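Notes follow the structure.
The values are calculated or read from the model by the stated rules, or taken from the named source; none is laboratory data. Since the structure is predicted, the reported quantities are computational estimates derived from the model, not experimental observations. Glycine also receives a Cβ, built like all others from the backbone with ideal geometry; neighbour counts cover every protein chain displayed. Just the protein is used for accessible areas: all its heavy atoms, side chains included, with ligands, DNA and RNA removed. Shrake-Rupley method; radii C 1.70, N 1.55, O 1.52, S 1.80 Å.
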Amino acid sequence: MGAKTYFVTTYGCQMNEHDSERLAGMLETEGYSQADSPDEAEVVVFNTCCIREKADQRLYGNLGHLKPIKDANPDMKIVVGGCLAQKDKATIQKRAPYVDVVLGTHNLGSLPRLLREAEHGPAFEIVEQTETFPSALPSRRSSPWHGWVSISIGCNNSCTFCIVPAVRGREASRRLGDIVAEVEALVVDGVVEVTLLGQNVNSYGRDLDGTPMFARLLRELDRVEGLERVRFTSPHPKDFRDDTIAAMAESRTVCEHIHLPLQSGSDSVLRRMKRAYNRGRYLEKVHKVREAMPGIAITTDIIVGFPAETDAEFDETLSLVEEVGYDGAFTFQYSPRPMTEAAEFADQIPKEVVQERFDRLVAVQERWSLKRNEAVVGRIEEVLVEGSSKKDASRVTGRTRTNKLVHFSDDTAAAGTFRTVEVTSASPHHLEGALVGGPRRDPRPTLTLPLVSATSGCSSCP
Ligand code: 5AD
Ligand code: SF4
């Protein structure tokens, strides 16, 4: 095993991917370099998620795999950080006593100190208040052309299924000037696309000025020269206001894609979930954003099998999915979480009923994903190249402004450059295309390959 190497495994949402960049950045500042696999690293970090039970199980499986490797290499240090650590310090200690460092969501910046303390025995530290805004810590960005930018942390909502407020704490917004300065610095560094991160980006600024400032932030970022694309995740439908829709439509940089988590199409389920909107209000927002930005892609999150969900209530979800015709959806089977109200609700739905509803929902959504993708066949799209295609290394992959994956052939395409591509065919989850033109800008110097190795895809809340 080489000295001073690390490996970070990330579970869960984009917020966690961003936190992992910070964990890696701190380790590199301490002189560590990235290993090819966890088995070879001196410091192995698991940045965890607890939003659904499966994420818990996966962590303990991975820790079990490392146990014999650590037994053979006593210098190896195992670190568990993030949401599950925040919730479960004692359980981790009990189930995996060979873990060296546990740190939560609020004290990411303590990693170097805790690693030093771990030389003398386990160093477990969870705090309830955020010490440093994640973006203020050093970063080891996984992409030279894309940057995650954290605009707020925590969540003040109380959706009855969701564990996030318990592990990420109260909402705190970052100062607008600091965000703009970070984006400007990223652009100087070669970034052309940023994704703004927050549990509820629409309420950004409410804790600073008493009024949401997300629309203002979008307009300010639109003035950053050299910035080409702005994405954000996620807006809560209840706070998705007209001023934000107007700012999106009028900004050059804001991409034509919105992820608007639905959770359920039934008014009674939405009430039990405490989502603070109903079907009608949700559809109103969808119509407004489509009117302001024709052709915008809309994606969502849906939970199936919420406690006491009836067949009729589930049918309301199906009919809403048909009515909106989403470009894509993350579909989840309800998973009771500790520290949430819904875990105590009567009438948890039997597994086989949930599975049957889930399969029906997926089938409807797959049909819509294909239909929406087929609608762009024949169109000319701007594509930001991400790298070579995973399935066929002779082709490259990129994303349209509507966040659709496109595979096409281009011997000269460098990651982080733009191409003009004609869409030639569609599948539910990607498009095939043919090069028409580009590059639109010179490739910037490329950093080394992505650092964050294992990520389980999942949208961020709400
Ligand atoms: N069970 C299933 N899905 C959940 N989500 C959040 N909490 C739960 C839960 N307890 C889903 C929501 C959210 C997404 C990030 O995860 O759909 O938008
Ligand atoms: Fe907050 Fe999103 Fe969880 Fe609701 S689903 S409590 S908005 S993080």
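Observations on the structure shown:
- Odd one out for LEU114 among (1) farther than 28 Å from VAL385 by Cα; (2) touching a strand residue (DSSP E or B) at 6+ places or on another chain (Cβ under 8 Å); (3) open to solvent by 20 Å² or more (accessible area, probe 1.4 Å): (3)
- Residue check, GLU386 within 23 Å of VAL187 (Cα to Cα) and assigned to a strand (DSSP E or B): yes
- So LYS391, is it crowded, with 20+ Cβ neighbours inside 10 Å, under 25 Å from SER143 (Cβ atoms) and of a type in the set (Lys, Arg): no
- Residue ID - nearest to ARG367 (Cα to Cα), chosen from residues in region 410-454 that are part of a loop (DSSP other than H, G, I, E, B) and modelled with pLDDT of 95 or more: PRO428
- Test set (1) surrounded by 20 or more Cβ atoms within 10 Å (Cβ to Cβ); (2) touching a Leu at 6+ places or on another chain (Cβ under 9 Å); (3) part of a loop (DSSP other than H, G, I, E, B); (4) not aliphatic (A, V, I, L, M) - PHE161 fails condition number: (2)
- Search result, residues across region 25-35 that are touching a Ser or Thr at 6+ places or on another chain (Cβ under 8 Å) and either among the aromatic types (Phe, Trp, Tyr) or open to solvent by less than 40 Å² (accessible area, probe 1.4 Å) (or both): GLY25, TYR32, ALA35
- Restricting attention to region 141-184, the residues that are within 30 Å of PHE418 (Cα to Cα) and of a type outside the set (Lys, Arg) add up to 20.
- Residue selection: ALA172 satisfies the criterion of being within 16 Å of ligand 2 (Cβ to nearest atom), closer than 29 Å to GLU250 by Cα and either among the polar types (S, T, N, Q) or out of contact with any Phe, Trp or Tyr (no Cβ under 7 Å at 6 or more places or on another chain) (or both).
- Test set (1) open to solvent by 20 Å² or more (accessible area, probe 1.4 Å); (2) under 30 Å from ALA312 (Cα atoms) - ILE380 fails condition number: (2)
- Residue tally, condition touching a residue at least 24 places away in the same chain (Cβ under 8 Å) and more than 16 Å from ligand 1 (Cβ to nearest atom), over region 190-224: 23
- Taking the criterion of being away from ligand 2 (no atom under 16 Å from the Cβ), assigned to a helix (DSSP H, G or I) and open to solvent by 10 Å² or more (accessible area, probe 1.4 Å), the residues of region 182-214 that qualify are GLU182, GLU184, ALA185, LEU186, VAL187, VAL188, LEU208, ASP209.
- Annotation: LYS87 fulfils all but one of (1) within 24 Å of ALA35 (Cα to Cα); (2) buried (at least 18 other Cβ atoms within 10 Å of the Cβ); the unmet one is (1).
- Unique match (being within 16 Å of ligand 1 (Cβ to nearest atom), farther than 22 Å from SER143 by Cα and open to solvent by less than 30 Å² (accessible area, probe 1.4 Å)) among ASP19, ASP56: ASP56
- Just one of the listed residues (VAL377, VAL354, VAL364) is under 14 Å from SER427 (Cα atoms) and either of a type in the set (Val, Ile, Thr) or outside any helix (DSSP H, G or I) (or both), namely VAL377.
The rows are residues; the columns are (1) under 27 Å from HIS429 (Cα atoms); (2) small (Gly, Ala, Ser); (3) within 21 Å of the chain's Cα centre (by Cα).
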{"position": "LEU283", "(1), (2), (3)": "yes, no, no"}
{"position": "HIS287", "(1), (2), (3)": "yes, no, no"}
{"position": "ILE303", "(1), (2), (3)": "yes, no, yes"}
{"position": "SER319", "(1), (2), (3)": "yes, yes, no"}
{"position": "ASP327", "(1), (2), (3)": "yes, no, yes"}
{"position": "PRO338", "(1), (2), (3)": "no, no, no"}
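- When residues of region 168-181 are limited to those that are buried (at least 17 other Cβ atoms within 10 Å of the Cβ) and out of contact with any Leu (no Cβ under 8 Å at 6 or more places or on another chain), the one nearest to LEU221 (Cα to Cα): ARG174
- Those residues of region 261-288 which are open to solvent by 40 Å² or more (accessible area, probe 1.4 Å), closer than 18 Å to SER158 by Cα and within 16 Å of ligand 2 (Cβ to nearest atom), in sequence order: ARG271, ARG272, LYS274, ALA276, ASN278
- Criterion violated by LEU318 - all others in (1) within 16 Å of ligand 2 (Cβ to nearest atom); (2) over 21 Å from THR233 (Cβ atoms); (3) touching a Leu at 6+ places or on another chain (Cβ under 7 Å) satisfied: (1)
- Pick from region 336-377, criterion open to solvent by 20 Å² or more (accessible area, probe 1.4 Å) and among the small types (Gly, Ala, Ser), ranking: modelled with the lowest pLDDT: ALA346
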